[in-house]
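Q: This is the structure I have questions about; it appears just below.
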Protein chains: 2
Amino acid sequence: MEDNESKSALSVNSGVEQPPIVNPNALAQIKRKKRKPLTLDDYVEGILAGNRTILSQAITLLESSLPEHSELAQQIIEKCLPYSGKSVRLGITGVPGVGKSTFIEAIGGQITALGHQLAVLAIDPSSERSKGSILGDKTRMETLCADPKAFIRPSPSSGSLGGVARKTRETIILCEAAGFDVIFIETVGVGQSETAVHSMVDFFLLLMLAGAGDELQGIKRGIMEMADLIAITKADGVNATKAKSAKIEYQSALMLFPATESGWSPKVETCSSLDNAGIMNIWENIESYVALTQENGYFHNRRKDQARYWMIEAINSRLMRNFYNSREVKANLELLEQQVLDDKISSFAAASKLLSIYYNSEKH
Amino acid sequence: MEDNESKSALSVNSGVEQPPIVNPNALAQIKRKKRKPLTLDDYVEGILAGNRTILSQAITLLESSLPEHSELAQQIIEKCLPYSGKSVRLGITGVPGVGKSTFIEAIGGQITALGHQLAVLAIDPSSERSKGSILGDKTRMETLCADPKAFIRPSPSSGSLGGVARKTRETIILCEAAGFDVIFIETVGVGQSETAVHSMVDFFLLLMLAGAGDELQGIKRGIMEMADLIAITKADGVNATKAKSAKIEYQSALMLFPATESGWSPKVETCSSLDNAGIMNIWENIESYVALTQENGYFHNRRKDQARYWMIEAINSRLMRNFYNSREVKANLELLEQQVLDDKISSFAAASKLLSIYYNSEKH
């Protein structure tokens, strides 16, 4: 440059020296930001190599609402699909206060100590969760967070349950492709999420407190009959006796339930995350369940049913979303619903009217 | 005629006498068949006057698959709607062998003796029912059939559960308009029908046998948590003691369940249709439930929720039917489903493909 300038007809006197730029790292930062975005192959290779940073980025992509992100995410999922499926998927539910995070810390530590790779996912959108969890699960699972064999992903912070459930199911695929062979999906058990969790896991674990009144338990009716194992938590100190008698009560209650399709008799166990007591026993129960259902074919068949269920579920929810989001339906739904509630029109006649409005609007 | 003939230019010798027609009533029958079909007003007036023959004909119309029949049926339902709603709707479930028909006979007789008008409907399509019920419920409820205050309508013999459920809900409207103030909807408790029943009744009654193994009970998991009352049947003779201890067991099991939204604590009672023992007690429980939930507003709110549910349900099932019956979807569904089951494509990608195929075909 200087050579050129000095030879030029336009001669310029050299001025004062440029001041140093304020942030000495700015240039490196700009360079880094301009780094080429990861390609589909980068993502897939990174995930299959077990690279957690890339796995996290792929999940973020999948959670994004930008169409170009979700399109790329879908391609990643399709590429990862053949490498997925080789894990045990566990649903864990329990109301706030039952000690879910400390339980997951305790059992998670034992699972990774056995050599497993553990991913912990959550299904409740943050907005649906009860108070006190704004900081997310990560801050409440410090040991597990530092565990190199564990991967914790807090729930997406917004979205409908259906949307979050779908993303969770897709995240399972990515985690499995990244080599995680035990997947926890946790939920708070007070909303609609449990059916969604139940439809994507192999085993459903319900955490309960001993001696807590109905209000404290707070879980929805129907959840108890989904459970493959009920774990009575905080069975330590003064609580230990209460927990033991709760175990006996629940055991006799479960015996009255109709048989499960899996051939497994749901169990009740006590445990203490504080004393680290009974935790290993719960994991052994899970292993027995997996052995039994893999032997009798239920494990495999249920996975197939779930895959079919999610296809149908995705179709149906999209059909409905298109209907209820249509401008014409929106303009008439509220009035017709009110007429139904006032017994001025039957539910079925109101439905027919809305459907005619919708299909007519679709034709134009 | 004879006069005219004798005056005519074409004279005909009178022949042998015509033989009598084979069936002397044929003429009356033909006349009856040619009778004008009932009009909309005939139906509505007949139903509101409590005419059971016309009520039955209207239900038949509603069950018909002919479009002109169902259109007329819809008009009848809309006209009857303002006169409906003033009944207690009871769901009764229990597997074959639990003594459902004799129980309904026993409690039905007491209900009508109290001055109520009772309608008994069934929700399981005959094809879904277990063996041995081909003759229908009527033959197994002889006393109730002869009771002028009772009306028994067997389940439609065919149709999808969704279709039958909808028809049952519409039949409830007609029965209420005809003055029936207690409606039973019975189901066998082994299929998908219970959720449908649960969504159209005020009170859910589960019949169980004492000491029967899981196989014998045979009801689906999750049903127990829907029950507002569990009645242990056949609590007579050698069974009485077993029934009593079953009652205690179920009572302690129910206490472990989360609280109901209705504010009602589900009960367990024993009864014997043979000795007519405990039957009245069950009816009194139902009356207490109705009083409690009418007082706390749950009864009314639940009815509104159900009306809304059935509108949404009717819309959603029609959207799905149109989708799954479309020629293009039918041509591709099986293959894509197989690819999902073989992990060659994700559930969501398969859903997207089918949806694109469907919406593209709709545009043409």
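Q: If you take the residues in the range B:56-101 that are touching a Gly at 6+ places or on another chain (Cβ under 7 Å) and not polar (S, T, N, Q), which one is farthest from B:GLU287 (Cα to Cα)?
A: Among them, the one singled out is B:PRO96.
Q: Further, regarding this structure: Out of B:ARG321, B:ARG303, B:ARG308, which single residue is charged (D, E, K, R), within 14 Å of chain A (Cβ to nearest Cβ) and in contact with an Asp or Glu (Cβ under 7 Å, 6 or more places away or on another chain)?
A: Residue meeting the stated conditions: B:ARG308.
Q: Determine, yes or no, whether A:ALA314 is assigned by TED's automatic domain parsing to the domain that holds A:ARG89 and within 33 Å of the chain's Cα centre (by Cα).
A: It is false that A:ALA314 is assigned by TED's automatic domain parsing to the domain that holds A:ARG89 and within 33 Å of the chain's Cα centre (by Cα).
Q: Which of (1) buried (at least 22 other Cβ atoms within 10 Å of the Cβ); (2) touching a Lys or Arg at 6+ places or on another chain (Cβ under 8 Å); (3) not in a helix (DSSP H, G or I) does A:GLY211 not meet, given it meets every other one?
A: Of everything listed in (1) buried (at least 22 other Cβ atoms within 10 Å of the Cβ); (2) touching a Lys or Arg at 6+ places or on another chain (Cβ under 8 Å); (3) not in a helix (DSSP H, G or I), A:GLY211 misses just condition (1).
Q: Going by the conditions given, is B:LYS247 closer than 26 Å to A:ILE223 by Cβ, basic (Lys, Arg) and surrounded by 18 or more Cβ atoms within 10 Å (Cβ to Cβ)?
A: Here the answer is yes, as B:LYS247 does meet what is asked.
Q: Report the residue count in the range A:50-79 for those that are within 10 Å of chain B (Cβ to nearest Cβ), within 21 Å of A:PRO154 (Cβ to Cβ) and over 18 Å from the mean Cα position of the chain (by Cα).
A: Of the residues in the range A:50-79, 0 are within 10 Å of chain B (Cβ to nearest Cβ), within 21 Å of A:PRO154 (Cβ to Cβ) and over 18 Å from the mean Cα position of the chain (by Cα).
Q: Moving to a separate point now. Give the range A:284-337 a look and list any residue that's surrounded by fewer than 14 Cβ atoms within 10 Å (Cβ to Cβ), modelled with pLDDT under 95 and outside any helix (DSSP H, G or I), or say none.
A: Selection gives A:ASN325 alone.
Q: Okay, moving on. At pLDDT 80 or above and part of a helix (DSSP H, G or I): does that describe A:LYS138?
A: Numbers: at pLDDT 80 or above: no; part of a helix (DSSP H, G or I): yes.
No, not satisfied.
Q: Ok, one more. Write out, first by first residue and then by second, each pair whose Cβ atoms fall under 7 Å of each other, whose residues are 6+ apart or on separate chains, and whose first residue, in the range B:231-250, is within 11 Å of A:LEU256 (Cβ to Cβ) and in the same structural domain as B:GLU105 (by TED's automatic domain parsing) while the second is among the hydroxyl-bearing types (Ser, Thr, Tyr) and surrounded by fewer than 17 Cβ atoms within 10 Å (Cβ to Cβ).
A: Cβ pairs passing all conditions: B:GLU249/A:SER252.
Q: Kindly evaluate B:SER356 against the criterion of being surrounded by 15 or more Cβ atoms within 10 Å (Cβ to Cβ) and among the polar types (S, T, N, Q).
A: Judged against the criteria, B:SER356 is not a match.
Q: Could you please let me know if A:GLY222 is within 14 Å of another protein chain (Cβ to nearest Cβ), surrounded by fewer than 20 Cβ atoms within 10 Å (Cβ to Cβ) and closer than 25 Å to B:ALA259 by Cα?
A: So A:GLY222 fits the description; yes.
Q: Sort out which residues of the range A:315-346 are in contact (Cβ under 8 Å) with a residue 12 or more places away in the chain and within 21 Å of A:LEU161 (Cα to Cα), and write them in order of number.
A: A:SER317, A:PHE323, A:SER326
Q: Give the number of residues within the range B:85-128 that are under 20 Å from A:LYS344 (Cβ atoms) and surrounded by fewer than 19 Cβ atoms within 10 Å (Cβ to Cβ).
A: Residues flagged as under 20 Å from A:LYS344 (Cβ atoms) and surrounded by fewer than 19 Cβ atoms within 10 Å (Cβ to Cβ) within the range B:85-128 amount to 2.
Q: Still on this structure: Mind checking whether some residue in the range B:256-274 is surrounded by 17 or more Cβ atoms within 10 Å (Cβ to Cβ), facing chain A (nearest Cβ under 9 Å) and part of a helix (DSSP H, G or I)?
A: yes
The rows are residues; the columns are (1) small (Gly, Ala, Ser); (2) touching a helix residue (DSSP H, G or I) at 6+ places or on another chain (Cβ under 9 Å); (3) part of a loop (DSSP other than H, G, I, E, B).
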| position | (1), (2), (3) |
| --- | --- |
| B:GLU68 | no, no, no |
| B:LYS86 | no, yes, yes |
| B:ILE92 | no, yes, no |
| B:SER101 | yes, yes, no |
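Q: Now for a different question. What tally of residues in the range A:338-362 results from selecting those that are assigned to a helix (DSSP H, G or I) and either within 9 Å of chain B (Cβ to nearest Cβ) or closer than 21 Å to B:ASP305 by Cβ (or both)?
A: Step one: filter the range A:338-362 for residues assigned to a helix (DSSP H, G or I), giving A:338-341, A:347-362.
Restricting the remaining residues to those that are either within 9 Å of chain B (Cβ to nearest Cβ) or closer than 21 Å to B:ASP305 by Cβ (or both) gives A:338-341, A:347-355, A:358-359, A:362.
Number satisfying all stated conditions: 16.
The values are calculated or read from the model by the stated rules, or taken from the named source; none is laboratory data. Quick caveat, the model's predicted, so the values are computed rather than measured. Positions of Cβ are backbone-derived with ideal geometry, glycine not excepted, and every protein chain shown enters the neighbour counts.
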